[in-house]
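Okay, structure first, notes after.
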Amino acid sequence: MKGYEKICIVCPIGCKLTIKEDPKSDDGYIVEGNNCPRGEIYGKKEVTNPTRVLTTTAKIVGAHLNRIPVISNDGLPKDKLFKCMEIINSLEVSAPIKLGDVVVENIMGTGVDIVASRSMEKY
């Protein structure tokens, strides 16, 4: 039986999880060491399809700053993060832009949008 050890990052507790393959369970894994149900979900997701929220900046023209902070509105698959960064780095957003405006819709077909995480007026 294959096993993994992970530290849960869902909340500040940081439970030490042990995730083991279990053919008898519905989804094929059993999680131990979690103090809440969210840890179980995180552990299973981390060994099957790990995702991360992406925070970075994009170029903006016509504003008082050269870059605007952006964030993914959900987790992106870890194996697609670098390609997503290439797409974001090639962008040039035009001011004005408001907090929450979609900068890239459905990036790489993931169903996740990249949104502005602050507003910027036209300069």
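For segment 20-33, a tally of residues being of a type in the set (Lys, Arg), surrounded by 13 or more Cβ atoms within 10 Å (Cβ to Cβ) and free of Cβ contacts under 8 Å to residues at least 12 places away in the same chain returns 0. Just the residues that are part of a loop (DSSP other than H, G, I, E, B) and farther than 22 Å from Val53 by Cα, please, taken from segment 1-33. Within segment 1-33, Met1, Lys2, Asp22, Pro23, Lys24, Ser25, Asp26, Asp27, Gly28, Gly33 qualify. Of all residue pairs spaced 6 or more apart or on separate chains, those with beta-carbon atoms under 7 Å, a first member in segment 34-57 that is touching a residue at least 24 places away in the same chain (Cβ under 8 Å) and a second member that is of a type in the set (Gly, Ala, Ser) are Asn34/Gly43; Thr51/Gly75; Arg52/Gly75; Leu54/Ser72. I'd like to know if segment 81-94 contains one or more residues that are touching a helix residue (DSSP H, G or I) at 6+ places or on another chain (Cβ under 8 Å), surrounded by fewer than 14 Cβ atoms within 10 Å (Cβ to Cβ) and of a type in the set (Asp, Glu). Taking every residue of segment 81-94 in turn, none turns out to be touching a helix residue (DSSP H, G or I) at 6+ places or on another chain (Cβ under 8 Å), surrounded by fewer than 14 Cβ atoms within 10 Å (Cβ to Cβ) and of a type in the set (Asp, Glu).
Any read-out appearing in this document is the output of simple, stated calculations on the displayed coordinates, not a laboratory observation. Just so it is clear, the structure is predicted and the values come from calculations on it, not from any experiment. Virtual Cβ from ideal backbone geometry, glycine too; neighbours counted across all protein chains shown.
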